[in-house]
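Working notes, beginning with the structure itself.
The values are calculated or read from the model by the stated rules, or taken from the named source; none is laboratory data. Values in this document were obtained by computation on a predicted structure and should not be read as measured data. Here the Cβ positions follow ideal geometry from the backbone for every residue, glycine too, while neighbour counts run over all protein chains shown.
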Amino acid sequence: MVKYLFAVLMLMSSLVQADRIRDLTSVQGVRENSLIGYGLVVGLDGTGDQTTQTPFTTQSLNNMLSQMGITVPAGTNMQLKNVAAVMVTAKYPAFARSGQNIDVVVSSMGNAKSLRGGTLLMTPMKGVDNQVYALAQGNILVGGAGAAAGGSSVQVNQLNGGRITNGAVIERELPGTFGQGNVINLQLNDDDFTLAQQITDTINRSRGYGSASALDARTIQIRVPSGNSSQVRFLADIQNLEVNVAVQDAKVIINSRTGSVVMNREVTLDSCAIAQGNLSVTVNRQNQVNQPDTPFGGGQTVVTPQTQIDLRQSGGALQSVRSSANLNNVVRALNTLGATPMELMSILQSMQSAGCLRAKVEII
């Protein structure tokens with residue numbers, strides 16, 4: 001009896017999903033910023049830009065040499081096989097300080113064959129306001145080339161892009177407003193009125209009524225003490241609180257490029273009949289009543305929804321699947337019949353339009 005009760009308790013605890021607030025929300029205003037720069041990569045092994053087709057590489061090199069006091073005679077035809085013009089991108093993290101290192105990504109913008117072995121020269125990294133916030137320089141690491149078993153050369157990735165770990169140094173700090181006010185907004189990762197209210201109630205139970213209020217389905221306003229250190233401690237306590245997440249919305253995600261279909265466990269079907277090309281799908285949903293075995297009704301009647309899915313291909317045999325009302329069985333049976341991704345997407349859209357697919361369909 002004790003073992004049975006323990007198993008029941010374990011099953012009940014597994015059905016309750018508790019997530020931390022830090023996994024469900026983000027602090028408004030605490031985010032990354034994009035940086036971009038234009039630079040030159042030197043030291044390539046003859047895999048640089050062809051200057052006859054990329055004149056901006058020669059122009060950039062001339063400008064750089066002139067800044068160093070070197071004058072290139074007019075009309076000189078420089079064969080720059082070891083130089084490539086590149087775009088450099090990076091992410092400026094929140095609360096970054098001067099002297100901090102960040103990673104940069106280097107991508108060729110000309111017709112260079114490879115950036116392997118190259119060195120990025122000092123490149124100013126600018127923000128959207130055209131101000132320089134970091135300086136990038138260093139040796140580029142390009143992955144994707146190697147030798148397979150047997151000695152044959154294999155290229156897994158393209159070689160016109162690379163990465164420099166800690167390749168940029170922050171020179172300018174962004175002004176911040178953290179710690180200046182008495183209100184901080186938490187933004188949910190997804191719009192959900194129920195979850196916003198649950199998080200609000202959890203914070204109010206922990207920090208006192210009126211500490212938090214839900215403004216809409218995505219924003220929760222929190223009253224915090226003044227001062228940076230006080231707000232850091234307050235958010236550290238708030239973000240580690242656990243919230244029992246309710247059942248998520250039923251959703252079906254279709255990738256139109258790859259034909260893949262992803263659905264959550266809440267997707268169910270209702271009765272419908274669909275004809276698509278040479279395929280026909282019929283879904284019959286019925287309730288199966290299980291009567292108790294006791295002669296005087298001492299047990300409990302259980303009603304279980306059952307779905308029979310009939311699929312037929314033109315000229316083929318009828319295939320029937322009887323199970324719970326689950327879309328996964330329909331998709332699996334359609335794949336068995338050889339339905340194309342486009343046919344599958346059309347069938348799912350038709351099911352949603354007819355009202356028998358109880359889920360949101362998103363095409364990406």
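Taking GLN53 and the conditions (1) modelled with pLDDT under 80; (2) surrounded by 15 or more Cβ atoms within 10 Å (Cβ to Cβ); (3) assigned to a loop (DSSP other than H, G, I, E, B); (4) under 39 Å from the mean Cα position of the chain (by Cα), which numbered condition does it fall short on, given that it satisfies the others?
Single failed check for GLN53: (2).
Please indicate, with yes or no, whether at least one residue in the range 273-283 is under 30 Å from ALA212 (Cβ atoms), surrounded by 12 or more Cβ atoms within 10 Å (Cβ to Cβ) and either under 22 Å from the mean Cα position of the chain (by Cα) or at pLDDT 70 or above (or both).
No, because not a single residue in the range 273-283 is under 30 Å from ALA212 (Cβ atoms), surrounded by 12 or more Cβ atoms within 10 Å (Cβ to Cβ) and either under 22 Å from the mean Cα position of the chain (by Cα) or at pLDDT 70 or above (or both).
Spot the failing condition for THR119; the list is (1) under 26 Å from ILE170 (Cα atoms); (2) among the hydroxyl-bearing types (Ser, Thr, Tyr); (3) at pLDDT below 75, and only one is missed.
In the conditions (1) under 26 Å from ILE170 (Cα atoms); (2) among the hydroxyl-bearing types (Ser, Thr, Tyr); (3) at pLDDT below 75, THR119 misses (3) alone.
Which residue pairs have Cβ atoms under 6 Å apart, sit 6 or more places apart or on different chains, and have a first residue in the range 148-167 that is hydrophobic (A, V, I, L, M, F, W, C) and a second that is at pLDDT below 80 and surrounded by 12 or more Cβ atoms within 10 Å (Cβ to Cβ)?
VAL156/GLY144
Among the residues of the range 199-215, which ones are surrounded by fewer than 17 Cβ atoms within 10 Å (Cβ to Cβ) and in contact (Cβ under 8 Å) with a residue 24 or more places away in the chain?
So in the range 199-215, the residues surrounded by fewer than 17 Cβ atoms within 10 Å (Cβ to Cβ) come out as 201, 204-206, 208-210, 213, 215.
Answer for the range 199-215, where residues must be surrounded by fewer than 17 Cβ atoms within 10 Å (Cβ to Cβ) and in contact (Cβ under 8 Å) with a residue 24 or more places away in the chain: SER206, LEU215.
Looking at VAL262, VAL267, can you tell me which residue is of a type in the set (Val, Ile, Thr), out of contact with any helix residue (DSSP H, G or I) (no Cβ under 8 Å at 6 or more places or on another chain) and farther than 19 Å from ASP19 by Cβ? Break it down stepwise before answering.
Working: VAL267 fails: out of contact with any helix residue (DSSP H, G or I) (no Cβ under 8 Å at 6 or more places or on another chain).
Testing whether each residue is of a type in the set (Val, Ile, Thr), out of contact with any helix residue (DSSP H, G or I) (no Cβ under 8 Å at 6 or more places or on another chain) and farther than 19 Å from ASP19 by Cβ leaves just VAL262.
Pairs needed: first member in the range 89-111, on the phi < 0 side of the Ramachandran plot; second member anywhere, among the acidic types (Asp, Glu) and part of a strand (DSSP E or B); C-beta distance under 9 Å; at least 6 residues apart or different chains.
ALA90/ASP103; LYS91/ASP103
For the subset of the range 81-114 comprising residues that are over 30 Å from LEU174 (Cβ atoms) and of a type in the set (A, V, I, L, M), which member is surrounded by the most Cβ atoms within 10 Å (Cβ to Cβ)?
Restricting attention to the range 81-114, the residues satisfying the condition of being over 30 Å from LEU174 (Cβ atoms) are 81-84, 110-114.
Subsequent filtering for residues that are of a type in the set (A, V, I, L, M) retains 83-84, 112.
On the way: VAL83: 24, ALA84: 29, ALA112: 24.
It comes out as ALA84.
Do you know which residues across the range 109-145 are outside any strand (DSSP E or B), within 30 Å of GLY46 (Cβ to Cβ) and among the aliphatic types (A, V, I, L, M)?
Filtering the range 109-145 down to residues outside any strand (DSSP E or B) leaves 109-118, 127-131, 140, 142-144.
Next, from what is left, pick out any that are within 30 Å of GLY46 (Cβ to Cβ): 109-118, 140, 142-144.
Of everything in the range 109-145, those that are outside any strand (DSSP E or B), within 30 Å of GLY46 (Cβ to Cβ) and among the aliphatic types (A, V, I, L, M) turn out to be MET109, ALA112, LEU115, ILE140, VAL142.
Being part of a strand (DSSP E or B) and β-branched (Val, Ile, Thr) is the filter here, so list the residues in the range 82-108 that pass it.
Going through the range 82-108, the residues part of a strand (DSSP E or B) turn out to be 84-92, 101-108.
If the condition is that a residue be part of a strand (DSSP E or B) and β-branched (Val, Ile, Thr), then VAL86, VAL88, THR89, ILE102, VAL104, VAL105, VAL106 are the ones that fit.
Which of the residues belonging to the range 200-234 are assigned to a loop (DSSP other than H, G, I, E, B) and more than 26 Å from the chain's Cα centre (by Cα)?
Taking the range 200-234 as the starting set, the residues that turn out to be assigned to a loop (DSSP other than H, G, I, E, B) are 208-211, 215-218, 224-227.
Scanning the range 200-234 gives GLY208, TYR209, GLY210, SER211, VAL224, PRO225, SER226, GLY227.
Residue by residue, here is whether (1) at pLDDT 90 or above; (2) more than 26 Å from SER34 (Cβ to Cβ) holds:
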| position | (1), (2) |
| --- | --- |
| THR194 | no, yes |
| ASN204 | yes, yes |
| TYR209 | no, yes |
| THR219 | yes, no |
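Which pairs turn up if I take residues in the range 59-71 that are in a loop (DSSP other than H, G, I, E, B) and look for partners that are aliphatic (A, V, I, L, M) and surrounded by 12 or more Cβ atoms within 10 Å (Cβ to Cβ) with beta carbon separation below 8 Å, at least 6 apart in sequence or on another chain?
THR71/LEU65
Any idea how many residues of the range 20-61 are in contact with a helix residue (DSSP H, G or I) (Cβ under 8 Å, 6 or more places away or on another chain) and over 23 Å from GLY117 (Cα atoms)?
Summing the residues that are in contact with a helix residue (DSSP H, G or I) (Cβ under 8 Å, 6 or more places away or on another chain) and over 23 Å from GLY117 (Cα atoms) in the range 20-61 gives 6.
Can you confirm whether LYS113 is basic (Lys, Arg) and at pLDDT 90 or above? Before the answer, list the steps.
Details: basic (Lys, Arg): yes; at pLDDT 90 or above: no.
Answer is no for this residue.
Considering only the range 177-199, how many residues are of a type outside the set (S, T, N, Q) and over 27 Å from the mean Cα position of the chain (by Cα)? Working first, answer last.
At the first step, the residues of the range 177-199 found to be of a type outside the set (S, T, N, Q) are 178-179, 181, 183-184, 186, 188, 190-193, 195-196, 199.
Next cut, over 27 Å from the mean Cα position of the chain (by Cα) only: 179, 181, 183.
Final tally of qualifying residues: 3.
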